[in-house]
Amino acid sequence: MRWLLLGLAGAAVFLYGRITGDAQLSLLTKGIPVIALLLWLRQAPAGTYRRWIAIGLVLSLAGDILLDWPGDLFVFGLGAFLLGHLAYLRAYVSDSRQPALAALLLALVAGGAMFAILASSGLGELLIPVACYATAICLMLWRALARIGHPHLQPRSTWLAAGGAALFVLSDSLIGIDRFVASFDAAPYAIILTYWLGQWGITASAFQRSNSA
(Lines give C-alpha, C1' and ligand atoms only; values in the text may rest on other atoms or scores of the structure.)
Protein backbone atom coordinates (compact mmCIF):
# COMPACT_ATOMS: atom_id res chain seq x y z
CA MET A 1 0.00 0.00 0.00
CA ARG A 2 2.82 2.42 0.80
CA TRP A 3 4.15 2.13 -2.75
CA LEU A 4 0.75 3.00 -4.19
CA LEU A 5 0.53 6.00 -1.88
CA LEU A 6 3.97 7.06 -3.13
CA GLY A 7 2.69 6.76 -6.70
CA LEU A 8 -0.40 8.82 -5.95
CA ALA A 9 1.72 11.51 -4.28
CA GLY A 10 4.09 11.61 -7.25
CA ALA A 11 1.15 11.81 -9.66
CA ALA A 12 -0.36 14.71 -7.70
CA VAL A 13 2.90 16.66 -7.72
CA PHE A 14 3.40 15.98 -11.42
CA LEU A 15 -0.09 17.22 -12.24
CA TYR A 16 0.51 20.30 -10.10
CA GLY A 17 3.68 21.01 -12.07
CA ARG A 18 1.85 20.52 -15.35
CA ILE A 19 -1.03 22.79 -14.34
CA THR A 20 1.29 25.55 -13.08
CA GLY A 21 3.63 25.25 -16.05
CA ASP A 22 6.62 24.12 -13.96
CA ALA A 23 8.34 21.92 -16.56
CA GLN A 24 11.25 21.00 -14.28
CA LEU A 25 8.95 19.80 -11.50
CA SER A 26 6.93 17.78 -14.01
CA LEU A 27 10.07 16.16 -15.41
CA LEU A 28 11.39 15.27 -11.95
CA THR A 29 8.14 13.68 -10.79
CA LYS A 30 6.69 12.11 -13.93
CA GLY A 31 8.40 8.78 -13.36
CA ILE A 32 7.44 8.41 -9.68
CA PRO A 33 4.14 6.54 -10.29
CA VAL A 34 5.88 3.93 -12.47
CA ILE A 35 8.76 3.61 -9.99
CA ALA A 36 6.15 3.01 -7.27
CA LEU A 37 4.57 0.29 -9.41
CA LEU A 38 7.98 -1.35 -9.85
CA LEU A 39 8.49 -1.39 -6.08
CA TRP A 40 4.97 -2.76 -5.55
CA LEU A 41 5.55 -5.45 -8.20
CA ARG A 42 8.33 -6.94 -6.08
CA GLN A 43 5.61 -8.30 -3.76
CA ALA A 44 4.03 -10.35 -6.59
CA PRO A 45 4.96 -14.03 -7.07
CA ALA A 46 8.34 -14.35 -8.81
CA GLY A 47 8.51 -15.90 -12.26
CA THR A 48 8.59 -15.20 -15.99
CA TYR A 49 5.40 -13.14 -15.97
CA ARG A 50 6.56 -10.78 -13.21
CA ARG A 51 10.02 -10.44 -14.75
CA TRP A 52 8.70 -9.30 -18.13
CA ILE A 53 6.14 -6.97 -16.59
CA ALA A 54 9.02 -5.38 -14.64
CA ILE A 55 11.06 -5.00 -17.83
CA GLY A 56 8.07 -3.37 -19.51
CA LEU A 57 7.72 -0.91 -16.63
CA VAL A 58 11.42 0.00 -16.77
CA LEU A 59 11.20 0.63 -20.53
CA SER A 60 8.03 2.67 -20.00
CA LEU A 61 9.85 4.72 -17.38
CA ALA A 62 12.57 5.45 -19.94
CA GLY A 63 9.89 6.47 -22.44
CA ASP A 64 8.30 8.78 -19.86
CA ILE A 65 11.57 10.67 -19.38
CA LEU A 66 12.48 10.79 -23.07
CA LEU A 67 9.10 12.23 -24.09
CA ASP A 68 9.38 15.07 -21.55
CA TRP A 69 13.13 15.71 -21.86
CA PRO A 70 14.03 19.14 -23.30
CA GLY A 71 14.47 18.78 -27.05
CA ASP A 72 12.56 16.59 -29.48
CA LEU A 73 13.29 13.01 -28.40
CA PHE A 74 9.90 11.72 -29.54
CA VAL A 75 11.34 8.93 -31.72
CA PHE A 76 13.52 7.66 -28.87
CA GLY A 77 10.56 7.75 -26.49
CA LEU A 78 8.51 5.90 -29.09
CA GLY A 79 11.24 3.26 -29.30
CA ALA A 80 11.33 2.79 -25.53
CA PHE A 81 7.57 2.34 -25.34
CA LEU A 82 7.61 -0.02 -28.33
CA LEU A 83 10.08 -2.26 -26.49
CA GLY A 84 7.89 -1.93 -23.39
CA HIS A 85 4.89 -3.23 -25.32
CA LEU A 86 6.97 -6.16 -26.56
CA ALA A 87 7.97 -6.95 -22.97
CA TYR A 88 4.31 -7.02 -21.92
CA LEU A 89 3.60 -9.18 -24.96
CA ARG A 90 6.26 -11.64 -23.78
CA ALA A 91 4.67 -11.75 -20.33
CA TYR A 92 1.22 -12.48 -21.73
CA VAL A 93 2.52 -15.19 -24.08
CA SER A 94 4.16 -16.91 -21.11
CA ASP A 95 0.65 -17.47 -19.72
CA SER A 96 -1.32 -18.32 -22.83
CA ARG A 97 -0.56 -19.27 -26.45
CA GLN A 98 -4.13 -19.97 -27.54
CA PRO A 99 -4.98 -18.34 -30.91
CA ALA A 100 -7.97 -16.33 -29.60
CA LEU A 101 -9.07 -15.20 -33.05
CA ALA A 102 -11.82 -12.94 -31.74
CA ALA A 103 -9.26 -11.14 -29.56
CA LEU A 104 -6.95 -10.84 -32.58
CA LEU A 105 -9.71 -9.29 -34.67
CA LEU A 106 -10.55 -6.78 -31.94
CA ALA A 107 -6.88 -5.84 -31.53
CA LEU A 108 -6.44 -5.42 -35.29
CA VAL A 109 -9.47 -3.14 -35.48
CA ALA A 110 -8.19 -1.00 -32.59
CA GLY A 111 -4.62 -0.77 -33.87
CA GLY A 112 -5.66 -0.38 -37.50
CA ALA A 113 -8.08 2.43 -36.68
CA MET A 114 -5.43 4.25 -34.68
CA PHE A 115 -2.87 3.97 -37.48
CA ALA A 116 -5.37 5.00 -40.16
CA ILE A 117 -6.30 8.16 -38.24
CA LEU A 118 -2.67 9.12 -37.73
CA ALA A 119 -1.58 8.27 -41.29
CA SER A 120 -4.42 10.33 -42.75
CA SER A 121 -2.82 13.45 -41.28
CA GLY A 122 0.51 12.76 -42.98
CA LEU A 123 3.27 11.28 -40.84
CA GLY A 124 6.13 11.90 -43.24
CA GLU A 125 9.36 10.21 -42.12
CA LEU A 126 7.60 8.88 -39.02
CA LEU A 127 5.27 6.68 -41.11
CA ILE A 128 7.34 3.50 -40.72
CA PRO A 129 8.19 3.98 -37.00
CA VAL A 130 4.52 4.65 -36.22
CA ALA A 131 3.46 1.62 -38.30
CA CYS A 132 5.88 -0.57 -36.32
CA TYR A 133 4.55 0.88 -33.09
CA ALA A 134 0.93 0.25 -34.10
CA THR A 135 1.85 -3.36 -34.92
CA ALA A 136 3.44 -3.84 -31.50
CA ILE A 137 0.36 -2.36 -29.83
CA CYS A 138 -1.92 -4.73 -31.76
CA LEU A 139 0.12 -7.76 -30.73
CA MET A 140 0.30 -6.68 -27.08
CA LEU A 141 -3.44 -6.03 -26.88
CA TRP A 142 -4.21 -9.31 -28.65
CA ARG A 143 -2.20 -11.39 -26.21
CA ALA A 144 -3.63 -9.50 -23.21
CA LEU A 145 -7.17 -10.23 -24.41
CA ALA A 146 -6.21 -13.83 -25.21
CA ARG A 147 -5.62 -14.54 -21.51
CA ILE A 148 -9.32 -13.97 -20.73
CA GLY A 149 -11.09 -17.24 -20.08
CA HIS A 150 -7.91 -19.28 -19.70
CA PRO A 151 -8.72 -22.17 -17.31
CA HIS A 152 -5.50 -21.86 -15.33
CA LEU A 153 -5.61 -18.11 -14.78
CA GLN A 154 -7.60 -16.09 -12.28
CA PRO A 155 -10.31 -14.01 -14.03
CA ARG A 156 -9.29 -10.96 -11.98
CA SER A 157 -5.75 -11.12 -13.38
CA THR A 158 -6.89 -11.58 -16.97
CA TRP A 159 -9.35 -8.67 -16.84
CA LEU A 160 -6.84 -6.39 -15.13
CA ALA A 161 -4.26 -7.12 -17.83
CA ALA A 162 -6.78 -6.67 -20.63
CA GLY A 163 -8.16 -3.45 -19.17
CA GLY A 164 -4.66 -2.12 -18.55
CA ALA A 165 -3.58 -2.94 -22.09
CA ALA A 166 -6.68 -1.26 -23.54
CA LEU A 167 -6.06 1.89 -21.49
CA PHE A 168 -2.42 1.92 -22.61
CA VAL A 169 -3.57 1.72 -26.24
CA LEU A 170 -6.03 4.56 -25.61
CA SER A 171 -3.29 6.68 -24.04
CA ASP A 172 -0.97 6.08 -27.00
CA SER A 173 -3.77 6.90 -29.41
CA LEU A 174 -4.42 10.20 -27.64
CA ILE A 175 -0.70 11.05 -27.88
CA GLY A 176 -0.79 10.45 -31.63
CA ILE A 177 -3.99 12.41 -32.14
CA ASP A 178 -2.74 15.34 -30.08
CA ARG A 179 0.63 15.41 -31.86
CA PHE A 180 -0.32 14.65 -35.46
CA VAL A 181 -4.04 15.25 -35.96
CA ALA A 182 -5.55 17.90 -33.69
CA SER A 183 -4.16 19.22 -30.43
CA PHE A 184 -6.64 19.77 -27.60
CA ASP A 185 -6.25 21.35 -24.17
CA ALA A 186 -7.25 18.31 -22.12
CA ALA A 187 -4.85 16.00 -23.99
CA PRO A 188 -1.95 16.03 -21.46
CA TYR A 189 -4.27 15.07 -18.60
CA ALA A 190 -6.26 12.46 -20.53
CA ILE A 191 -3.04 10.91 -21.81
CA ILE A 192 -1.27 10.64 -18.47
CA LEU A 193 -4.32 9.47 -16.48
CA THR A 194 -5.20 6.67 -18.93
CA TYR A 195 -1.51 5.73 -19.06
CA TRP A 196 -1.13 5.49 -15.28
CA LEU A 197 -4.36 3.53 -14.91
CA GLY A 198 -3.26 1.20 -17.69
CA GLN A 199 0.11 0.59 -16.08
CA TRP A 200 -1.59 -0.05 -12.74
CA GLY A 201 -3.88 -2.66 -14.31
CA ILE A 202 -0.99 -4.41 -16.04
CA THR A 203 1.06 -4.46 -12.82
CA ALA A 204 -1.88 -5.61 -10.68
CA SER A 205 -2.41 -8.56 -13.03
CA ALA A 206 0.80 -10.11 -11.66
CA PHE A 207 -0.81 -10.64 -8.25
CA GLN A 208 -2.82 -13.82 -7.63
CA ARG A 209 -2.44 -14.59 -11.31
CA SER A 210 -2.68 -18.35 -11.39
CA ASN A 211 -5.38 -20.64 -10.03
CA SER A 212 -2.60 -22.65 -8.42
CA ALA A 213 -0.89 -19.56 -6.89
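Things worth noting here:
- Picking from residues in region 57-75 that are in a helix (DSSP H, G or I) and modelled with pLDDT under 90, the one that is most open to solvent (accessible area, probe 1.4 Å) is Val75.
- Hey, Ala54 more than 23 Å from Ala12 (Cβ to Cβ), in a loop (DSSP other than H, G, I, E, B) and open to solvent by less than 50 Å² (accessible area, probe 1.4 Å) or not: no
- Residue pairs whose Cβ atoms lie under 6 Å apart, separated by 6 or more positions or on different chains, with the first residue in region 17-29 and within 14 Å of Ile65 (Cα to Cα) and the second hydrophobic (A, V, I, L, M, F, W, C), are Ser26/Phe14; Thr29/Val13; Thr29/Phe14.
- Among the residues of region 118-173, those that are among the hydroxyl-bearing types (Ser, Thr, Tyr) and open to solvent by less than 10 Å² (accessible area, probe 1.4 Å) comprise Ser157, Thr158, Ser171.
- Residues in region 79-114 that are open to solvent by 60 Å² or more (accessible area, probe 1.4 Å) and among the hydrophobic types (A, V, I, L, M, F, W, C): Leu83, Leu86, Leu101, Ala102, Leu105, Leu106, Leu108, Val109.
- Test for Tyr195: is it surrounded by fewer than 19 Cβ atoms within 10 Å (Cβ to Cβ), closer than 21 Å to Gly31 by Cα and either among the hydroxyl-bearing types (Ser, Thr, Tyr) or modelled with pLDDT under 95 (or both): no
The values are calculated or read from the model by the stated rules, or taken from the named source; none is laboratory data. All figures in this text were calculated on a predicted structure; none of them were measured in a lab. Please note: Cβ atoms are built from the backbone with ideal geometry, for glycine as well, and neighbour counts cover all protein chains shown. In case anyone asks, the SASA skips ligands and DNA or RNA and just uses the protein heavy atoms, side chains included. Shrake-Rupley method; radii C 1.70, N 1.55, O 1.52, S 1.80 Å.
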